[in-house]
1. Condition first: among the charged types (D, E, K, R) and free of Cβ contacts under 8 Å to residues at least 60 places away in the same chain. Now tell me which residues in the range 139-160 satisfy that.
2. For residues that are closer than 14 Å to residue 24 by Cα and hydroxyl-bearing (Ser, Thr, Tyr), tally how many sit in the range 69-101.
3. Within the range 1-58, take every residue that is polar (S, T, N, Q) and assigned to a loop (DSSP other than H, G, I, E, B) and give me the one that is surrounded by the most Cβ atoms within 10 Å (Cβ to Cβ).
4. Among the residues of the range 89-144, what is the count of those that are in contact with a strand residue (DSSP E or B) (Cβ under 8 Å, 6 or more places away or on another chain), more than 17 Å from residue 6 (Cβ to Cβ) and part of a loop (DSSP other than H, G, I, E, B)?
5. If a residue must be crowded, with 21+ Cβ neighbours inside 10 Å and among the acidic types (Asp, Glu), how many such residues does the range 65-95 contain?
6. Do we find that residue 47 is modelled with pLDDT under 95, of a type in the set (A, V, I, L, M) and within 20 Å of residue 139 (Cα to Cα) in this structure?
7. Go through the residues of the range 99-116 one by one and say whether even a single one is β-branched (Val, Ile, Thr), farther than 24 Å from residue 153 by Cβ and surrounded by fewer than 16 Cβ atoms within 10 Å (Cβ to Cβ).
8. Anything in the range 76-102 that is over 19 Å from residue 33 (Cβ atoms) and modelled with pLDDT of 95 or more? List them, or say none.
Amino acid sequence: MATASKNLSVYDRATIPNAEHLRFGIVVSEWNAEITEGLFAGAQEALLDCGAKMENIIRWDVPGSFELTFGCKKLIASTDVDAVIAIGSVIQGETKHFDFVCNATAQGIKDLNVQLDTPVIFCVLTDNNLQQAKDRSGGKHGNKGTEAAIAAIQMASLGR
């Protein structure tokens, strides 16, 4: 696996733009909450560590990963944010539902990035099992939420 040799939580703060004057939206899927709450915690911690103010971090919850695209679109339309992080977790099951949700979610987030001027960061884990998701949401591979927050800061800074 690509993350087996990388800790998702490691970044060099000196190379990251200061986020003090940036506003962030975070849309979090309630499905697989154990995982998505870990991802959210990692993202929020990294944003704050890089200078973002708590009052400039807006969180919205949606039922599942499939709903992330709509949630991000509405958050961008109704608030003044510099970047949005879409947080979700889809774990392989016994049916093709996994494939449909993963593909639709990835395409939806991609479409928002093409259509809108606000960057939307894809922080959706698509794992084969619960342990892989745990390993990437604050476990042995670090936290994908942290990595997504750094990407959000960098992309928001491009727009300024």
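1. Within the range 139-160, just 140 meets the criteria.
2. Adding up the residues that qualify gives 2.
3. The qualifying residue surrounded by the most Cβ atoms within 10 Å (Cβ to Cβ) is 32.
4. Result for the range 89-144: 5.
5. 1
6. Here the answer is no, as residue 47 does not meet what is asked.
7. So far as the range 99-116 goes, no, none of its residues is β-branched (Val, Ile, Thr), farther than 24 Å from residue 153 by Cβ and surrounded by fewer than 16 Cβ atoms within 10 Å (Cβ to Cβ).
8. Across the range 76-102, the qualifying residues are 76, 77, 78, 79, 80, 81, 82, 83, 84.
The values are calculated or read from the model by the stated rules, or taken from the named source; none is laboratory data. In this text the structure is predicted, and so the values were computed from the model without any measurement. Positions of Cβ are generated from backbone atoms using ideal geometry, with glycine treated the same way; all protein chains shown enter the neighbour counts.
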